[in-house]
């Protein structure tokens, strides 16, 4: 498809990387000539320098022949005007806008006909919702749900005390006492598709699929504490913290928010009546101790500095905090931090980019397109959910008789309300949902693409 990406900031750069890897023709608009030049050379994109909300600049980007425009600049107003102008020049174009200001949310919903938006993305709100979900279901570093929560892929870290340390995957069921499937293992920063003889080691991060009902059994038999979160400390008072505190208030969870800027503290205190807002530097050990970090069930590091967030999470671990969540933005930091004991790592730009990439795939394949797509193993693999229909090849054929492409694993088959870890005799039929894990990112557009 012909796609215009307006704005080459954090989200824009991730989108260029992901969409270029899937073979789309990309045109990038940005004011910064150096940023454009880098993206053009690295990803074979077309660069247009200028104001993306300008009619002349959009015409220079060939908006008349574009299928999709993604407005991801740092200004909500520019993104809205960019989409409106593009739609005026090309009424058939799909438009996606990044909208971060909470004041615009209701306005856009009630004025859909005025704002010709196919989709809006709020990276900070998306991150907050993901963190809330992790806090409500402690015990896992990450959870990806499929088929309306009937099946999940969860991430666990193997430490020196883990019951799975030095255990071969073929012997794993005797430890966890339930049927699970290890889809991928991250070892030393590299994703591995493990066989049954693969032996887990300290430091491994494993990605396990199981019916949702079996996850509590898995945690219990691994001796992982899953007590409900009652008190949460948020370090940093940006937009993610605001959205998260708002959600946790609705969940009746006690929230303590630390923010160094007095003016921001005042704003947050007025907007969040049930959150305790403390003005101070959250990187201060004295402040953390004074506010009782050791008594918190969870600490969420949300400052604007990745390095500070890493230190905060590591310190929370030394103080016995059961659950930590670390917000990271820079790709080079994320890849390094994966080997650290930082708890769950959240990247707002990656979450938003994954949603947009799924929308793009759905545009390409209206029939048989993926129902949901989740990046796992630090982006080195994907877990994709498909709906089986009458046109899907190999319906009613046992898995052991199918010829699958290399690096493709059928991880789960969902029949109605029940989910199963598939074996050689498992089959799927129209109406079922199938979850596939692959390292071939972007190569599986429909379920039929998994077959050799």
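The values are calculated or read from the model by the stated rules, or taken from the named source; none is laboratory data. Just so it is clear, the structure is predicted and the values come from calculations on it, not from any experiment. Ideal geometry is used to build each Cβ from the backbone, glycine not excepted, and the neighbour counts take in all protein chains shown.
Among (1) under 17 Å from the mean Cα position of the chain (by Cα); (2) over 14 Å from residue 126 (Cα atoms); (3) not in a strand (DSSP E or B), which single condition is residue 389 missing?
(1)
Results for (1) farther than 22 Å from residue 133 by Cα; (2) touching a helix residue (DSSP H, G or I) at 6+ places or on another chain (Cβ under 6 Å), shown as yes or no for each residue.
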site: 308; (1), (2): yes, no
site: 313; (1), (2): no, no
site: 318; (1), (2): yes, no
site: 330; (1), (2): yes, yes
site: 333; (1), (2): yes, yes
site: 341; (1), (2): no, yes
site: 350; (1), (2): no, no
site: 353; (1), (2): no, yes
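Quick one: how many residues across segment 229-275 are closer than 19 Å to residue 296 by Cβ, touching a residue at least 24 places away in the same chain (Cβ under 8 Å) and in a loop (DSSP other than H, G, I, E, B)?
Count: 8.
Taking the stated definitions as given, is residue 253 under 26 Å from residue 347 (Cα atoms), surrounded by 20 or more Cβ atoms within 10 Å (Cβ to Cβ) and under 21 Å from the mean Cα position of the chain (by Cα)?
Against the criterion (under 26 Å from residue 347 (Cα atoms), surrounded by 20 or more Cβ atoms within 10 Å (Cβ to Cβ) and under 21 Å from the mean Cα position of the chain (by Cα)), residue 253 does not qualify.
Conditions (1) in a loop (DSSP other than H, G, I, E, B); (2) modelled with pLDDT of 90 or more; (3) within 25 Å of the chain's Cα centre (by Cα); (4) not assigned by TED's automatic domain parsing to the domain that holds residue 18, marked per residue:
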position: 410; (1), (2), (3), (4): no, yes, yes, yes
position: 413; (1), (2), (3), (4): no, yes, yes, yes
position: 419; (1), (2), (3), (4): no, no, yes, yes
position: 423; (1), (2), (3), (4): yes, no, no, yes
position: 428; (1), (2), (3), (4): yes, yes, no, yes
position: 436; (1), (2), (3), (4): no, yes, yes, yes
position: 440; (1), (2), (3), (4): yes, no, yes, yes
position: 444; (1), (2), (3), (4): yes, no, yes, yes
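What are the residues in segment 181-208 that are within 23 Å of residue 375 (Cα to Cα) and in contact with a helix residue (DSSP H, G or I) (Cβ under 6 Å, 6 or more places away or on another chain), if any?
Once the filter is applied, which keeps residues that are within 23 Å of residue 375 (Cα to Cα) and in contact with a helix residue (DSSP H, G or I) (Cβ under 6 Å, 6 or more places away or on another chain), segment 181-208 yields 182, 194, 198.
With the requirement that a residue be more than 13 Å from residue 259 (Cα to Cα) and assigned to a helix (DSSP H, G or I), what does segment 277-307 give you?
Hits for segment 277-307 are 285, 286, 289, 290, 293, 294, 295, 306, 307.
Taking the criterion of being crowded, with 17+ Cβ neighbours inside 10 Å and either closer than 30 Å to residue 13 by Cβ or without any contact (Cβ under 8 Å) to a residue 40 or more places away in the chain (or both), would at least one residue in segment 397-407 satisfy it?
no
Tell me the residue from 239, 230, 205 that is crowded, with 20+ Cβ neighbours inside 10 Å and at pLDDT below 95, please.
205
Give the residues of segment 163-202 that are out of contact with any strand residue (DSSP E or B) (no Cβ under 8 Å at 6 or more places or on another chain) and either buried (at least 19 other Cβ atoms within 10 Å of the Cβ) or on the phi > 0 side of the Ramachandran plot (or both), sorted by residue number.
Once the filter is applied, which keeps residues that are out of contact with any strand residue (DSSP E or B) (no Cβ under 8 Å at 6 or more places or on another chain) and either buried (at least 19 other Cβ atoms within 10 Å of the Cβ) or on the phi > 0 side of the Ramachandran plot (or both), segment 163-202 yields 176, 177, 188, 189.
Would you check which residues across segment 338-354 are in a helix (DSSP H, G or I) and either assigned by TED's automatic domain parsing to the domain that holds residue 68 or in contact with a strand residue (DSSP E or B) (Cβ under 6 Å, 6 or more places away or on another chain) (or both) and list them?
Step one: list which residues in segment 338-354 are in a helix (DSSP H, G or I), which gives 348-354.
Matches in segment 338-354: 352, 354.
Looking at (1) under 23 Å from the mean Cα position of the chain (by Cα); (2) in a loop (DSSP other than H, G, I, E, B), which is the one condition that is false for residue 320?
(1)
Considering only residues that are surrounded by 20 or more Cβ atoms within 10 Å (Cβ to Cβ) and assigned to a helix (DSSP H, G or I), which ones fall in segment 109-123?
123
Just checking, which of 129, 141, 134, 169 is under 21 Å from residue 253 (Cβ atoms) and at pLDDT 90 or above? Walk me through it before giving the result.
Working: 141 fails: at pLDDT 90 or above; 134 fails: at pLDDT 90 or above; 169 fails: under 21 Å from residue 253 (Cβ atoms).
Only one candidate qualifies: 129.
Being under 15 Å from the mean Cα position of the chain (by Cα), surrounded by fewer than 20 Cβ atoms within 10 Å (Cβ to Cβ) and assigned to a helix (DSSP H, G or I): is that true of residue 129 here?
When the stated conditions are applied, residue 129 passes them.
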